[in-house]
Amino acid sequence: MRSDVVLKVRDTARRACADVAAPVAIVMAASVFAFAVRPSIVRAETLAGTPILNTANLRYDLEGASRSVASNTVTLIVAERLDTRLVREGQGAVVVAPSPAAPTIVPFVLTNADNGTESFILETRLSSPAITLRGLAIDADGDGRYDPAVDTALVDATVPTLAPGRSITVFAILAGTAERPAADATLTVTARALTGSGAPGTAYAGLGDGGGDAVVGPTGASASVVVPLTSAIAGPALVKSQSVRATDGSQTAVRDSVITYTLEARFTDAVSGARIADPIPAGTAFVPGSLTLDGAPLSDAADDDAGRFDAAGGTAQGPGIAVALGQVAAASVHVVQFKAKIQ
């Protein structure tokens, strides 16, 4: 064979190998890249009452023809898991006024923590006979303040059906009697799934969504909160509470979550020159336009209305809000609210 022919054959073979190797290398690189960036699969929990159906198929050849036959269909219904979460909004002891004319409001957040729609029943217990429970109500407009004209009173202490993962705020409405309550009094609130509760794994046949079973989850489908109560001191009292809402709707205190601060000023006697001041906490920023007095908005500027936000920080405590109540009648309550965003 001529040398130029041999060289040509060898060169052609090298090019052919290169043409094959290049796509293989590209495919291998792409596979490695795809594996490196593939996101983890997050499986959402299937809702209670969802039917799961499965039918198999048998294929075979007979007398030169391809044939198939289906199996029977098996069906099951996803069970409803019963889980309850109850947390109190605010911290510390709650001051209960001795005057029935000024009820004390204690807010709670109730969550249906699992995969089915569920109603809940609330049980309350007071350790002092000097305090009475006037009732329970749902925060119908979601503003965090109890308004008897708007918020829905619970009938038989039963919370209407909540969708999976949904939360609502429930107000416990307390009133002191003429006798001052004991300093070590407590309010205990317990929420139970209406379908049933008990040891985790307890089953309620046919009582779940869609006619499936209901099974008690890890919380026992029951949650309790104990709130310490204390006597109202003579003269005015200022009670502060807080609630948190993250951008995803949860109550997690993370960056960009908004804290709503509620200041409830209670007066047993008439006073004059009443005013409230509150510094904006370190690590947060005031939310412009969030200042209110008794539900009415106040401007942030130092103008003719009762409130203002001092961004410069007129005291050593730094920036803060100030609200002038002025002349206050006896047996009255005034509520100031503002919001701050976690930085």
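The values are calculated or read from the model by the stated rules, or taken from the named source; none is laboratory data. Since the structure is predicted, the reported quantities are computational estimates derived from the model, not experimental observations. We place every Cβ from the backbone using ideal geometry, glycine too, and count neighbours over all the protein chains shown. In case anyone asks, the SASA skips ligands and DNA or RNA and just uses the protein heavy atoms, side chains included. Shrake-Rupley method; radii C 1.70, N 1.55, O 1.52, S 1.80 Å.
Some points to look at:
- Number of residues in segment 235-282 that are basic (Lys, Arg) and at positive phi equals 0.
- Among the residues making up segment 84-112, those that are open to solvent by 40 Å² or more (accessible area, probe 1.4 Å) and under 22 Å from Gln251 (Cβ atoms) are Arg85, Val87, Arg88, Gln91, Gly92, Ala93.
- Once segment 122-142 is narrowed to residues that are open to solvent by 60 Å² or more (accessible area, probe 1.4 Å) and either touching a helix residue (DSSP H, G or I) at 6+ places or on another chain (Cβ under 9 Å) or acidic (Asp, Glu) (or both), the residue that is modelled with the lowest pLDDT is Asp141.
- The condition of being of a type in the set (S, T, N, Q) and closer than 23 Å to Val239 by Cα holds for Thr104.
- Cβ-Cβ under 7 Å pairs, at least 6 apart or on other chains, segment 128-155 side in contact (Cβ under 8 Å) with a residue 12 or more places away in the chain, far side of a type in the set (Val, Ile, Thr) and part of a loop (DSSP other than H, G, I, E, B): Ala130/Thr177; Thr132/Thr177; Ala140/Val150
- Within segment 190-233, if we keep just the residues that are assigned to a strand (DSSP E or B) and under 30 Å from Asp269 (Cα atoms), the residue that is modelled with the lowest pLDDT turns out to be Ser231.
- Reported count of residues in segment 293-334, each being surrounded by fewer than 19 Cβ atoms within 10 Å (Cβ to Cβ), within 22 Å of Val244 (Cβ to Cβ) and within 28 Å of the chain's Cα centre (by Cα), is 2.
- Residue count, segment 55-69 (criterion: surrounded by fewer than 10 Cβ atoms within 10 Å (Cβ to Cβ) and part of a strand (DSSP E or B)): 10
- The condition (being open to solvent by 40 Å² or more (accessible area, probe 1.4 Å) and either part of a strand (DSSP E or B) or hydroxyl-bearing (Ser, Thr, Tyr) (or both)) is satisfied by just one residue among Ser272, Ser250, Ser290, Ser243: Ser272.
- When residues in segment 253-269 are screened for being of a type in the set (S, T, N, Q) and assigned to a loop (DSSP other than H, G, I, E, B), 2 of them pass.
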